[in-house]
Amino acid sequence: MADILLLSALVLASMWVGPFWLLMMIQPYEERTQKWMSGPWFVLGPLVSYLIILMMNLGALADMMGDGTLSGFVEALADILGTEDGAVLAWTHFVIGDIITTRWIWKRSIETEINKTATQTAILFGVMLMPVGLAIHFVSVQLKKAKNTHS
């Protein structure tokens, strides 16, 4: 039962964000995208998955305190992340952070009127490689500011 729950949580977290991500990427300026991204729905699937797996592993949180030292914490964290439960918990955590950050990139790109191609590229990487998506967005914002300064 636990294996099915873990697999379900992993799949739900990953698949849930897909439609929201694609909508932000393919139709960033459409009213439908604005509507879909205005509430908490975009993060609900991964959040529920995360909370279910977390509730199944509350003891692991206490174990993370280890012996109270930084090295004890890092060792306990490595032990937890080395389990299937820990990996799914980490994955759902990443998915939550990625989709929230990607929504921020999308929203900020719209507000600052960043070029559509730059917006789409940042959003593409926002969910797949979030730090790369952020870097693309930050560079795009700076290039737009520089262009506006010289206009």
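The values are calculated or read from the model by the stated rules, or taken from the named source; none is laboratory data. In this text the structure is predicted, and so the values were computed from the model without any measurement. Glycine gets a Cβ as well: all are built from the backbone with ideal geometry, and neighbour counts include every protein chain shown.
Scanning segment 24-80 for residues that are surrounded by 13 or more Cβ atoms within 10 Å (Cβ to Cβ) and touching a Lys or Arg at 6+ places or on another chain (Cβ under 9 Å), which turns out farthest from residue 111 (Cα to Cα)? Ranking the qualifying residues of segment 24-80, first place goes to 43.
All of (1) surrounded by fewer than 15 Cβ atoms within 10 Å (Cβ to Cβ); (2) farther than 13 Å from residue 25 by Cα; (3) at pLDDT 95 or above hold for residue 134 with one exception: (1).
Only residues that are among the small types (Gly, Ala, Ser) and in contact with a helix residue (DSSP H, G or I) (Cβ under 7 Å, 6 or more places away or on another chain): list them for segment 3-36, please.
Listed by number, the residues that qualify are 9, 13, 14.
Across segment 115-131, the qualifying residues are those that are touching a residue at least 60 places away in the same chain (Cβ under 8 Å) and of a type outside the set (D, E, K, R), and the one among them that is surrounded by the most Cβ atoms within 10 Å (Cβ to Cβ) is 126. Checking segment 139-151 against the condition returns no match, with no residue being of a type outside the set (S, T, N, Q), without any contact (Cβ under 8 Å) to a residue 24 or more places away in the chain and under 17 Å from residue 97 (Cβ atoms). Evaluation of residue 121 against the conditions (1) over 30 Å from residue 59 (Cβ atoms); (2) at pLDDT below 95 shows that the sole unmet condition is (2).
Residues are listed down the side, and each one gets a yes or a no for (1) in contact (Cβ under 8 Å) with a residue 40 or more places away in the chain; (2) closer than 19 Å to residue 9 by Cα; (3) not in a helix (DSSP H, G or I):
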position: 44; (1), (2), (3): no, yes, no
position: 50; (1), (2), (3): yes, yes, no
position: 55; (1), (2), (3): no, yes, no
position: 80; (1), (2), (3): no, yes, no
position: 85; (1), (2), (3): yes, yes, no
position: 91; (1), (2), (3): yes, yes, no
position: 96; (1), (2), (3): yes, yes, no
position: 99; (1), (2), (3): yes, yes, no
position: 113; (1), (2), (3): no, no, yes
